[in-house]
Amino acid sequence: MLEQFKDHIKKDFSFLKKSKLLIAISGGMDSVVLTHLCHQLKLNIALAHCNFNLRGHESDDDETFVLDVAEDLELEVFIESFDTETFAKDNKISIQMAARELRYNWFDELANQLKFDYILTAHHADDNLETFLINLSRGTGLEGLTGIPAINEKLIRPLLPFSRESIETYANTKKMKWREDSSNASTKYLRNKLRHDVIPVLKEVNPQWLQNFQNTLKHLNGSSHIVAENVDIFLNKAIESMDNNEVKFKISAFKKLAYPKPYLYETFKEFGFTQWEDILNLLDAETGKQVFSATYRLVKNRAHLLLSEINSDKSEPISISEKDNKVETPFGILFFDEADAITEKRNNLIYVDKEKLQYPLILRKWEEGDVFYPLGMKGKKKLSKYFKDEKLSLLDKEKVWLLCSNNEIVWVINKRADNRFKVTENTKQILKIKL
């Protein structure tokens with residue numbers, strides 16, 4: 001196996017020879033073998049071990065064992081102890097998810113602080129098969145069937161081509177010692193149940209199962225690249241505009257497709273959406289219909305789908321006194337200056353009769369039921385009707401702020417001034433308000 005590993009590193013990971021490497025070592029067979037193989041190749045390695053304190057004295061014995069391995073091989077070793085159960089409870093996640101998050105966050109900290117180029121983990125071919133079957137059992141897209149990536153930014157998995165059986169044979173041949181995690185024998189976790197009860201049956205049915213699976217992964221990864229390229233070509237046509245607040249997609253681009261649902265999935269999967277039938281139905285829904293993920297939302301707005309991050313901003317009203325000539329707001333800076341005459345007309349400024357204002361002025365978000373008297377028009381109008389006439393999307397409406405005097409709207413900021421405060425021939429003091 002050493003020669004195979006050496007050839008694998010030379011062919012696919014030659015950059016590791018000149019890199020500073022951190023090996024994640026649990027004390028189990030896989031990570032111990034990885035450590036010995038890298039040490040045999042004289043790679044520049046150090047060890048990192050997590051004590052999750054989940055198995056009493058067993059966890060402490062694992063830590064002691066790793067320290068002994070590091071001493072025998074004369075390697076630097078880092079140990080971190082975690083209160084995993086408390087972390088899981090506080091963050092309302094499973095113990096497995098908590099351990100994963102704690103582990104990789106710490107590895108990243110070590111790599112950044114001590115300038116490690118890469119973090120090596122001991123995932124192998126059987127781990128890949130287990131992950132594939134887990135994803136398959138839960139329902140997944142193509143990306144869930146392409147296996148564990150050999151390279152994921154700083155994470156490197158050099159044992160992926162090797163089976164658990166070949167790793168164990170090598171460990172026994174070299175008379176290596178390792179620690180057995182007693183929790184791995186339990187079948188209450190899906191991964192362990194697949195490992196002990198399902199995969200052995202598959203290998204019994206076909207002894208070449210693992211090799212055939214690895215060949216299938218290569219084909220699936222190739223197909224994944226083809227899909228990604230086609231989605232990129234499609235998105236170049238489908239995206240009409242994008243900025244920091246939203247991405248606007250042309251519905252017509254999706255409706256021209258024979259099968260729009262897969263393209264919707266590939267387009268929006270990374271934003272946490274799961275309600276694919278609801279998203280498909282958005283294409284023919286009424287304007288204003290929305291679909292939410294935990295952090296994003298998709299809104300139907302006439303001929304477009306608008307993607308935006310969910311805005312948790314609950315901005316409080318801002319009070320403005322007569323002495324204020326400059327006010328910072330969540331959307332910019334408002335300037336208040338006296339003027340001799342109206343000299344310019346733009347959306348970002350208004351001129352008002354100062355004597356008609358009652359201080360303090362209030363700056364607030366618009367609300368349902370708000371009414372104003374649009375400058376240049378007779379009579380009043382509901383803001384909701386004004387927004388509809390102006391064809392503002394739901395997202396645009398949520399960004400609207402109002403400048404008010406004694407509960408009366410002075411200015412729909414950046415949109416329209418109110419007729420009641422306009423400058424007339426009887427005005428004695430003109431106030432210029434500019435965003």
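The values are calculated or read from the model by the stated rules, or taken from the named source; none is laboratory data. This one's a predicted model, so the numbers in the text were calculated from it and none came from an experiment. Counting neighbours? That spans all protein chains shown, and the Cβs are built from the backbone with ideal geometry, glycine included. Accessible surface is based on the protein model in full, side chains and every heavy atom, while ligands, DNA and RNA are left aside. Shrake-Rupley method; radii C 1.70, N 1.55, O 1.52, S 1.80 Å.
Structure values in brief
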quantity: All positions within segment 151-171 that are buried (at least 17 other Cβ atoms within 10 Å of the Cβ) and aliphatic (A, V, I, L, M); calculated: Leu155, Ile156, Leu159, Leu160, Ile167, Ala171
quantity: Test: residue in segment 189-209 that is surrounded by 15 or more Cβ atoms within 10 Å (Cβ to Cβ), β-branched (Val, Ile, Thr) and within 25 Å of the chain's Cα centre (by Cα); calculated: no
quantity: Condition met for Glu316 (modelled with pLDDT under 90 and among the acidic types (Asp, Glu)); calculated: yes
quantity: Criterion violated by Thr267 - all others in (1) within 30 Å of His304 (Cβ to Cβ); (2) of a type in the set (S, T, N, Q); (3) surrounded by fewer than 15 Cβ atoms within 10 Å (Cβ to Cβ) satisfied; calculated: (3)
quantity: Output for segment 32-47, where each listed residue is over 13 Å from Phe162 (Cβ atoms) and in contact with a strand residue (DSSP E or B) (Cβ under 8 Å, 6 or more places away or on another chain); calculated: Thr35, Cys38, His39, Leu43, Asn44, Ile45, Ala46, Leu47
quantity: Residues of segment 345-394 that turn out to be closer than 20 Å to Ile320 by Cβ, open to solvent by 100 Å² or more (accessible area, probe 1.4 Å) and charged (D, E, K, R), as a count; calculated: 2
quantity: Complete set of residues in segment 416-435 that are in a loop (DSSP other than H, G, I, E, B) and touching a strand residue (DSSP E or B) at 6+ places or on another chain (Cβ under 9 Å); calculated: Lys422, Val423, Thr424, Asn426, Thr427, Lys428, Gln429, Leu435
quantity: Considering residues of segment 36-56 that are more than 20 Å from Phe87 (Cα to Cα) and not hydrophobic (A, V, I, L, M, F, W, C) only, the residue most open to solvent (accessible area, probe 1.4 Å); calculated: Lys42
quantity: Considering residues of segment 305-345 that are small (Gly, Ala, Ser) and part of a loop (DSSP other than H, G, I, E, B) only, the residue nearest to Thr287 (Cα to Cα); calculated: Ser312
quantity: Helices (runs of 4 or more DSSP H) wholly inside segment 116-193 that include at least 3 residues being touching a residue at least 60 places away in the same chain (Cβ under 8 Å); calculated: 125-138, 164-173
quantity: In segment 64-83, residue surrounded by the most Cβ atoms within 10 Å (Cβ to Cβ) [restricted to those that are closer than 20 Å to Leu114 by Cβ and within 35 Å of the chain's Cα centre (by Cα)]; calculated: Val66
quantity: Any hit, segment 221-241, residues being more than 30 Å from Leu306 (Cα to Cα), open to solvent by 60 Å² or more (accessible area, probe 1.4 Å), charged (D, E, K, R) and assigned to a helix (DSSP H, G or I); calculated: no
quantity: Tally of residues being closer than 18 Å to Lys397 by Cβ, within 18 Å of the chain's Cα centre (by Cα) and either free of Cβ contacts under 8 Å to residues at least 12 places away in the same chain or open to solvent by 70 Å² or more (accessible area, probe 1.4 Å) (or both) across segment 285-333; calculated: 4
quantity: Residue match in segment 247-264 (condition: at pLDDT below 90 and either open to solvent by less than 50 Å² (accessible area, probe 1.4 Å) or touching a Gly at 6+ places or on another chain (Cβ under 9 Å) (or both)); calculated: no
quantity: Residues of segment 346-374 that turn out to be touching a strand residue (DSSP E or B) at 6+ places or on another chain (Cβ under 6 Å), assigned to a loop (DSSP other than H, G, I, E, B) and farther than 28 Å from Lys388 by Cβ, as a count; calculated: 3
quantity: Only one of Glu277, Glu246 that is among the acidic types (Asp, Glu) and under 23 Å from Arg138 (Cβ atoms); calculated: Glu277
quantity: Qualifying residues in segment 112-149 (those that are over 27 Å from Ile45 (Cα atoms) and of a type in the set (A, V, I, L, M)) - the one most open to solvent (accessible area, probe 1.4 Å); calculated: Leu136
quantity: Near pairs, Cβ below 6 angstrom, 6+ apart or cross-chain, from segment 83-109 (touching a residue at least 60 places away in the same chain (Cβ under 8 Å)) to any residue that is outside any helix (DSSP H, G or I); calculated: Arg103/Cys50; Phe107/Ile119
quantity: Close pairs (7 angstrom Cβ cut-off, 6 or more residues apart or separate chains): of a type in the set (Gly, Ala, Ser) in segment 248-271, open to solvent by 70 Å² or more (accessible area, probe 1.4 Å) anywhere; calculated: Ala253/Lys237
